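Every number in this text was worked out from the coordinates using simple rules, so none of it is lab data. Remember, predicted model here, so these are calculated numbers, not experimental data. Here the Cβ is made from the backbone with ideal geometry for all residues, glycine too, and neighbour counts use every protein chain on show.
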């Protein structure tokens with residue numbers, strides 16, 4: 001996404017830049033605990049002679065933040081920004097720009113005031129009825145909480161960077177285009193055949209299975225278990241009138257669903273509603289029992305061994321050995337527990353792991369058998385001509401392959417440099433043979449321009465990455481911001 005924004009940077013400026021800087025006036029987006037005022041400096045980084053100010057950092061962060069929020073229908077959050085380290089992405093983008101600005105300065109590339117003025121006058125953002133409006137421009141700056149001088153200074157940087165990128169850009173040559181066109185639009189005339197696997201012939205004995213288990217036994221582990229002392233607080237039998245139950249049901253109706261995940265009626269859920277109501281009703285009594293158990297006035301009366309799949313474990317957070325846990329719902333009542341021991345996963349004995357290992361060994365032997373079947377079938381089975389196919393072809397096998405299977409075949413076909421080969425499926429293999437090739441693909445003319453553009457972007461993106469990598473050694477980079485604050 002950031003790469004896309006960099007490719008479209010000129011079109012995004014000043015549109016995105018103006019709109020997002022307005023947000024800064026209302027407070028820095030998503031900054032949370034980041035306190036930039038701790039720094040004695042006014043910069044977050046310095047590259048060569050170019051300092052990156054706190055305000056530039058804030059602007060860049062807000063620019064990207066608001067863009068991501070706009071394309072997610074407002075669902076992008078501060079938490080997501082923190083998880084993806086948006087602050088680091090913002091400062092890295094600024095550092096890369098500063099590196100290129102230093103390089104542009106060394107090359108004598110600059111932007112005049114006239115070029116900046118021309119960019120502003122020609123921008124659709126400041127036009128009314130197709131003509132530049134000075135009033136609209138001034139109001140835009142005012143609404144953004146930005147001086148014209150600040151905006152024009154940033155715009156000058158954009159122009160310089162654009163000039164530099166144009167100066168160092170490379171156009172793909174004819175050979176590159178021809179090679180990519182061949183890769184994308186080559187058509188292969190193909191013959192195919194299907195060979196089915198007979199899985200009933202796949203067998204193994206206990207010695208083979210034990211040898212397989214020995215080599216892979218670290219994969220077969222017992223479940224992690226939790227040993228607990230417990231005290232079950234049974235629900236008090238209490239006559240509850242229908243009105244009370246219906247009120248409880250309405251408050252919690254989303255919890256009552258059938259096996260198809262559809263909401264149940266009160267009548268359908270009646271038994272569960274009563275149990276849940278009594279469990280909640282008796283929660284106070286369970287708390288009293290919990291306090292009595294902790295004080296030693298009453299004692300636990302059950303021992304349980306549970307694993308991570310048990311609902312009780314899911315409901316008990318931050319368990320500690322020797323400590324009592326507050327009551328949780330259990331069998332229509334409440335359960336008080338004390339964790340006494342945790343049994344970490346251990347390697348299963350052979351007999352315990354036999355079923356799991358047997359299933360895995362069968363799969364391994366089946367895959368090996370299918371591969372041998374396919375290799376032995378090359379050049380030895382009757383083939384069917386399905387005509388020419390390309391990377392963009394739709395399924396042309398007339399039911400021999402499903403669309404998913406055909407897509408796998410096309411991917412394998414054009415990833416290989418061999419004239420014949422095979423593709424493995426579940427219980428069958430597809431054998432194929434290329435009989436001829438052609439570049440006479442009607443789709444190529446339609447997409448050739450887009451292909452050239454993509455190739456150009458690919459080449460120049462790599463060129464810019466390599467250039468920045470070299471220039472990082474030329475210009476000293478000082479980072480004052482390390483994440484979460486400025487040093």
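Taking 0.36 nm per residue of separation and subtracting the Cα-Cα distance, full extension of the segment from residue 349 to residue 258 would add 28.8 nm. Calculated mean residue ellipticity, 222 nm, the chain: -16500 deg cm²/dmol, from DSSP H runs (n ≥ 4) at -39500 (n - 2.57) each, averaged per residue and rounded to 500. Rounded, prolate or oblate: which fits the stretch 215-258 when a ≥ b ≥ c are the square roots of the eigenvalues of the alpha-carbon gyration tensor, with rounded for a/c under 1.5 and prolate only if a/b beats b/c? Oblate is the answer for the stretch 215-258, as a/c is 1.5 or above yet b/c matches or exceeds a/b. Between the stretch 242-264 and the stretch 281-316, how many Å separate their Cα centres? Rounded to whole Å, the Cα centres lie 27 Å apart. Stokes-Einstein diffusion for the stretch 222-343, with the hydrodynamic radius set to the Kirkwood value over Cα pairs and evaluated at 37 °C in a medium of 0.692 mPa s, equals 206 µm²/s. Of the peptides 427-434, 271-278, 125-132, the ranking by mean beta-carbon count within 10 Å, highest at the top, reads 427-434, 271-278, 125-132.
Subtracting the Cα-Cα distance of residue 198 and residue 49 from their residue separation scaled by 0.36 nm leaves 46.4 nm.
I'd like the FRET efficiency for residue 378 and residue 321, computed as 1/(1 + (r/R0)^6) with the beta carbon distance as r and R0 of 51 Å, rounded to 0.05. Rounded to the nearest 0.05, the efficiency is 0.25.
Projecting label points 7 angstrom from Cα along Cα→Cβ for residue 461 and residue 148 puts them 3.9 nm apart. Using only the Cα atoms of the stretch 353-486, build the gyration tensor, take square roots of its eigenvalues as a ≥ b ≥ c, and label the shape rounded, prolate or oblate: rounded if a/c is under 1.5, else prolate if a/b is larger than b/c, else oblate. Note, shape of the stretch 353-486 comes out oblate.
Taking 7 Å steps out from each Cα toward its Cβ at residue 73 and residue 272 produces label points 2.9 nm apart. Multiplying each eigenvalue of the alpha-carbon gyration tensor of the stretch 171-213 by 5 and taking the square root yields semi-axes of 50, 20, 4 Å, largest first, rounded to whole angstroms. The calculated FRET efficiency for the pair residue 367 and residue 342, based on their C-beta separation and a Förster distance of 41 Å, comes to about 0.65. Between the stretch 148-182 and the stretch 79-104, the C-alpha centres lie 19 angstrom from each other. Could you tell me which of rounded, prolate or oblate describes the chain, using a ≥ b ≥ c as the square roots of the eigenvalues of the alpha-carbon gyration tensor, with rounded for a/c under 1.5 and, failing that, prolate when a/b is larger than b/c and oblate otherwise? Here the chain falls in the oblate category. How many nm separate the modelled label positions at residue 407 and residue 216, each set 7 Å beyond the Cα in the direction of the Cβ? It is 2.8 nm. Annotation: the residues 56, 404, sorted from fewest to most other C-beta atoms within 10 Å of their own C-beta, follow the order 404, 56.
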